Amino acid sequence: MRGMALRIATGGAAQAEAQSKHPSSHPFDLRKHAVASGKILVAQGGGPTAVINQSLVGVALEARRFSGIERIYGACHGVRGIVNEDFVDLTQETRHNLELVANTPSSALGSTRDKPDLPYCQEIFRVLQAHQIEHFFYIGGNDSSDTVRIVSEEARKAAYPLRAIHIPKTIDNDLVGNDHTPGYPSAARFVAQAFAGANLDNAALPGVYVGVVMGRHAGFLTAASALGKKFPDDGPHLIYLPERTFVLEQFLADVKSTYARYGRCVIAVSEGVHDASGTPIASLLAKDLEHDAHGNVQLSGNGALADLLCEEIKAKLQIKRVRGDTFGYLQRSFIGCVSDVDQREAREVGEKAVQYAMWGGKDGSVAIKRTGFYSADYELLPLNAVAGKTRVMEDEFIAASGTDVTDAFRMYLRPLLGSGMPDAFRLRHNPVAKVLKTGR
């Protein structure tokens, strides 16, 4: 566990075990009457987020409130840690240190990009049996929910008393059945603020700026760039999402028109933009691109798309000042830009997962539901309703032009960004009459 955020406390194991069997609880807390739950295992999978540790700590602390809990284990590096039996005992962690870890971005237990198939999941189940684990919590996205589904089915076939719960997490915001997913609001806050800053820079030294944002299939994160706008002529002036076909010629025409209108142009582009056939634009413009473990073109972590689009603008539009950035992994775990709403909800989905496991009597995936303006409630969805499915931005969130978002999206996202969003102001333009240049 060297280099990871969790620090295992030293001290007597016997004392820690005794404390775990007799946790303090409110005298009217019905949790002490729940059925004994044995051992718990929690793991984190997929890309880290700024608030994923809130969910981990939510599980660890909520589980301590149930008197039947014997041990709370954490798997290092997700499912890979499970098959390797690489566990740490979270029962021995102090509440204080857990709270410090909760406020620390990235995955404290470490993560993995492994996408388990049936034999892999059977091995996971074999390990769970060997360690007599009766409750399995996996914090992750689409692939993680599918892993929980398969493991749950294996346990059911074997008549093994396993309760398996998927806890949502993804900055892509692409889990079906959820109003939004933990991790997305904080990443969206980063994107909105980054584009607000890029717009100020671009206004001071006019030109064309291209910012490429994560999102292979869903454009929610790129769309968040619109929340950085304050004045009508602020950027981003153009937003390109994977929910709409990207046509290079039309893109260049949009940039030319915007540049002519404002004397500058700020552009937000999703890394997953594609042509009519579904082929990523990055792979059409570049000769050699890496592929990930699943055979997909590696879109994140390289500046190919931003550089290629900038070159197209320079060559075809003859605009000299053209700059591009790739946000890459910065938006996932940026430590200074976390939504307080995101923190709270990420903690609650972890807590609700434990409650559903102890009281619900069924496996499932925890989902966030929006109520009022703004509040959230939680629901346990069937695993097969979430597993392996991808949500994309709804049409009502995308402007008819295809290069902007609607007010409906702005109303959807704004409360999720949390309190204390910074603002930008301008000097009032009160021109002074020219003396030497008069009449010229």
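Each of Asp407 and Glu394 was given a label point 7 Å from its Cα along the Cα-to-Cβ line. The distance between the two points is 1.7 nm. For helix 118-130, report the angle its Cα long axis makes with the longest principal axis of the Cα atoms of the chain; keep it between 0 and 90° and round to the nearest 10°. So the inclination is approximately 40 degrees.
Volume per residue for segment 306-420 equals 183 cubic angstrom (convex hull of Cα atoms).
Relative contact order for segment 360-434: what is it in percent, counting Cα pairs under 8 Å that are at least 6 residues apart?
Reported relative contact order: 17 percent.
In this simple spin-label approximation, Arg323 and Ala253 carry label points 7 Å from Cα along the Cα→Cβ vector, and these lie 3.0 nm apart. Once the C-beta distance of Ala315 and Ala433 is scaled by a Förster radius of 45 Å, the resulting FRET efficiency is 0.60 to the nearest 0.05. Considering only Leu221, Leu317, Leu305, the Gaussian network model of the chain with Cα springs below 10 Å gives its largest mean-square fluctuation to Leu317. For segment 141-230, the Kirkwood hydrodynamic radius from C-alpha pairs, put into Stokes-Einstein at 37 °C and a viscosity of 0.692 mPa s, yields a diffusion coefficient of 211 µm² per second. Calculated mean residue ellipticity at 222 nm for the chain: -10000 deg cm²/dmol, from DSSP H runs with n ≥ 4 weighted as -39500 (n - 2.57), summed, divided by the residue count and rounded to 500. Over the chain, the pair-distance histogram of Cα-Cα distances with 10 Å bins from zero comes to 4, 21, 28, 22, 14, 7, 3, 1, 0, 0 percent, rounded to whole numbers.
Bridge orientation summary for the chain: considering DSSP beta bridges with both residues in this region, about 30 percent are antiparallel. Peptides 421-431, 131-141, 366-376, 162-172 ranked from most to least packed give 162-172, 131-141, 366-376, 421-431, packing being the mean of other C-beta atoms within 10 angstrom over each peptide's residues. So if I take the centroid of the Cα atoms in segment 310-363 and the same for segment 170-231, what is the distance between those two points in Å? Using only Cα atoms to place each centre, the spacing works out to 9 Å.
Any idea how far apart Arg370 and Ala260 come out in nm if each label point goes 7 Å out from Cα toward Cβ? Rounded to a tenth, the inter-label distance reads 3.7 nm. log10 I(q)/I(0), Debye, Cα-only segment 191-269, no solvent, q = 0.13, 0.21, 0.25 Å⁻¹? Values returned for q = 0.13, 0.21, 0.25 Å⁻¹ are -0.35, -0.92, -1.22. The relative contact order of segment 310-440 comes to 18 percent, based on Cα pairs under 8 Å that sit 6 or more residues apart.
If you filter segment 35-118 for GluC sites (Glu not before Pro), then keep DSSP loop positions with at most 16 other Cβ within 10 Å, what is left?
Working: sites: Glu62, Glu70, Glu85, Glu93, Glu99; in loops: Glu85, Glu93.
Counting only loop positions with at most 16 other Cβ atoms within 10 Å, the GluC sites (Glu not before Pro) in segment 35-118 are Glu85.
Any idea what the relative contact order of the chain is, in percent, if you count C-alpha pairs under 8 Å spaced at least 6 apart? Relative contact order for the chain comes out at 19 percent. Once the Cα-Cα distance is subtracted from the 0.36 nm per residue extended length, the Leu285 to Asn84 segment shows a gain of 68.3 nm. Enumerate the residues in segment 335-359 having an amide nitrogen under 20 Å from the point lying 7 Å beyond the Cα of Tyr160 toward its Cβ. Label zone hits: 357-358.
Computed over neighbours whose Cβ is under 12 Å from that of Ala198, the net charge equals 0, Lys and Arg +1, Asp and Glu -1.
Residues Tyr356, Tyr184, ordered by accessible area of protein heavy atoms at a 1.4 angstrom probe radius and largest first, appear as Tyr356, Tyr184. For Tyr378, list long-range residues whose amide hydrogen, built 1.01 Å from N in the peptide plane, is under 5 Å from its own amide hydrogen. When sequence neighbours closer than 5 places are left aside, the close amide H contacts are Lys369. In this structure, the residue pairs whose Cα-Cα separation is over 18 Å, taken from Lys230/Lys256; Lys169/Lys352; Lys230/Lys320; Lys115/Lys389; Lys39/Lys115; Lys115/Lys352, are Lys230/Lys256; Lys230/Lys320; Lys39/Lys115; Lys115/Lys352. Accessible surface ranking for Val210, Val176, 1.4 angstrom probe, highest first: Val176, Val210. Taking the chain as a Gaussian network of alpha-carbon nodes connected by springs under 10 Å, the highest mean-square fluctuation of the residues Phe327, Phe251, Phe220 belongs to Phe251.
The values are calculated or read from the model by the stated rules, or taken from the named source; none is laboratory data. This structure is a prediction, so every number in the text was calculated from the model and none was measured. No Cβ is skipped: glycine too gets one built from the backbone with ideal geometry, and neighbour counts run over all protein chains shown. Only protein heavy atoms, including side chains, enter the accessible area calculation; ligands, DNA and RNA are left aside. Shrake-Rupley method; radii C 1.70, N 1.55, O 1.52, S 1.80 Å.
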